[in-house]
Amino acid sequence: MRVTIIGTGYVGLVSGACLADLGHSVMCLDTDEVKIGKLLQGVMPIYEPGLEELVKRNVQAGRLKFTTSFHEGIPGAEVISIAVGTPSAADGSVDMQYVDAAAKMIGQALTGYAVIADKSTVPVGTSERVASIIREFTQHEFDVVSNPEFLREGHAIWDFLKPARIVIGSGSERAKDVMRGMYAHIDCPKIVMDARSAELTKYASNAFLATKISFINEVSHLCEAVGADVEAVAAGMGSDPRIGKEFLKAGPGWGGSCFPKDVKAFLKLGEANNHPMPVTSAALAMNKLARSRVVDRLEKELGGLAGKTIGILGVAFKGNTDDTRESPAVDIIRQCAERGAKVTVYDPEARVSLELHGIDVPHAASPYEAVLKADAVVIATEWEEFRTLDLAKLKQVMVGALIFDARNLLSKEATDKHGFKHLRIGVR
Ligand code: NAD
């Protein structure tokens, strides 16, 4: 099947490479010439485990191509998937300019029937909005389908190829058949519904997961107060299949390119429909608290942060990605710097950018360089390499002996052995 993916970011590039690997002929289209230029030279614009090999294999096989031209990418495509960004606007609603622009360009370049499948996370009613924009520019037949994506950065290839489900929202039997055909080689339930329900399914799923994390973070703060251990409590709770083990890991809060903006958009949707959303509002408030609480505890333990030297391990919003959007680690870095600490950071893939985050901190080439002469080290992202830190070496280069393990990666036994004071989330 011929498939064109519009937007070659985390979702678009992974989807394109995976669909090509399933045997489809895929064109990845992006308006960013630098990004497409890199891809044409075999350079990945993002870090995602396994992606480079997957892209190279499918480019070599002639199944995966890249372009910046709608007139090259649209004609002849049976499915045109929209995977452009849908960032938050200043008021928390969704900035639809990229979706609208993609719809207009599709309409202008369409040469025959195609299914336009919206993979971007978009407000309820977007399928109708996209259809009406396309209709302004073409006489050709087409159907618009909502096909939300649930992949997680860092596990994106696995998630795309082995999803828990694929949601297809459409009223057209023809379009549903085309979509079932595109996903025929992916073995999972295909849940077919109307487009509005499919659009809401994505927001409701993300708001639920974010709320689950906020809930365990609330429990973790109580654990610290009453002398319980959040890991034990989460294990006890999660063994109940009605609750489930996933997303019960306490930490410095959720971040990334999806949860914060999707939770805000979900709240906006409630507001626009005069519908109060107290549960989701509380989850958002709890997320702010989870971040500042790390810095508050650190400040208390060190008797103030002014003039202290802090090494922060982790910049990305989670391990296995270079994505720093709304990262709790970046918030911790910012708050430490604002409270007067001298901060050095290390992350194997991600960087703090003055342009994106408004802060300028030095980056070290290794965890040990980041904690040189430090009073304390904060583990802010769950990279695997931080689980196996050489604690003897760490102790040797630091002046202080405090580890704030905001991801609960290290064992108390190991840190005790090396004479560290070890602060963890959800443990007194
Ligand atoms: P991204 O910012 O990494 O990539 C978006 C790409 O779209 C960019 O390369 C940009 O240049 C391109 N683009 C913008 N306007 C365009 C246009 N008119 N024509 C062609 N290309 C255009 O975004 P992402 O993280 O891949 O997210 C895309 C969508 O998928 C968002 O709605 C997001 O909420 C959703 N989503 C993301 C994830 C995730 O983990 N990143 C998971 C599920 C869903």
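Taking the criterion of being in contact (Cβ under 8 Å) with a residue 24 or more places away in the chain and within 13 Å of the ligand (Cβ to nearest atom), the residues of the stretch 83-100 that qualify are 83, 84, 85, 86, 87, 88, 94, 96, 98, 99, 100. The set of residues in the stretch 81-94 that are of a type in the set (Ser, Thr, Tyr) and crowded, with 19+ Cβ neighbours inside 10 Å comprises 81, 86. Assuming residue 325 fulfils every condition listed in (1) out of contact with any Asp or Glu (no Cβ under 9 Å at 6 or more places or on another chain); (2) under 22 Å from residue 382 (Cα atoms); (3) at pLDDT 95 or above apart from one, which condition is it? Tallying (1) out of contact with any Asp or Glu (no Cβ under 9 Å at 6 or more places or on another chain); (2) under 22 Å from residue 382 (Cα atoms); (3) at pLDDT 95 or above, residue 325 fails exactly one: (3). Looking across the stretch 95-111, just one residue is among the β-branched types (Val, Ile, Thr) and either open to solvent by 30 Å² or more (accessible area, probe 1.4 Å) or assigned to a loop (DSSP other than H, G, I, E, B) (or both), and that is 111. Taking the stretch 112-183 as the region of interest, the helices (runs of 4 or more DSSP H) fully inside it that hold 3 or more residues being under 18 Å from the mean Cα position of the chain (by Cα) are 156-161.
Considering the conditions (1) touching a strand residue (DSSP E or B) at 6+ places or on another chain (Cβ under 8 Å); (2) open to solvent by less than 20 Å² (accessible area, probe 1.4 Å), residue 78 is excluded by exactly one of them, (2). Within the stretch 286-306, identify whether any single residue is within 16 Å of the ligand (Cβ to nearest atom) and within 23 Å of residue 89 (Cβ to Cβ), and answer yes or no. For the stretch 286-306, residues within 16 Å of the ligand (Cβ to nearest atom) and within 23 Å of residue 89 (Cβ to Cβ): absent. Residues that are without any contact (Cβ under 8 Å) to a residue 40 or more places away in the chain, over 18 Å from residue 217 (Cβ atoms) and of a type in the set (D, E, K, R) within the stretch 288-333 comprise just one, 300. Of the helices (runs of 4 or more DSSP H) lying entirely inside the stretch 185-282, those carrying at least 3 residues that are among the charged types (D, E, K, R) are 195-226, 259-272. Considering every residue within the stretch 325-341, establish whether at least one is of a type in the set (D, E, K, R), within 16 Å of the ligand (Cβ to nearest atom) and either under 24 Å from the mean Cα position of the chain (by Cα) or farther than 18 Å from residue 260 by Cβ (or both). Checked against the condition, which is being of a type in the set (D, E, K, R), within 16 Å of the ligand (Cβ to nearest atom) and either under 24 Å from the mean Cα position of the chain (by Cα) or farther than 18 Å from residue 260 by Cβ (or both), the stretch 325-341 yields at least one hit.
If you go through the stretch 247-285 and pick out every residue that is more than 16 Å from the ligand (Cβ to nearest atom) and either open to solvent by 60 Å² or more (accessible area, probe 1.4 Å) or more than 19 Å from the chain's Cα centre (by Cα) (or both), you end up with 14.
The values are calculated or read from the model by the stated rules, or taken from the named source; none is laboratory data. Keep in mind it's a predicted model, so treat the numbers as computed, not measured. Backbone-built Cβ (ideal geometry, glycine too); neighbour counts: all protein chains shown. Areas reflect the complete protein model, heavy atoms only, side chains present, ligands, DNA and RNA absent. Shrake-Rupley method; radii C 1.70, N 1.55, O 1.52, S 1.80 Å.
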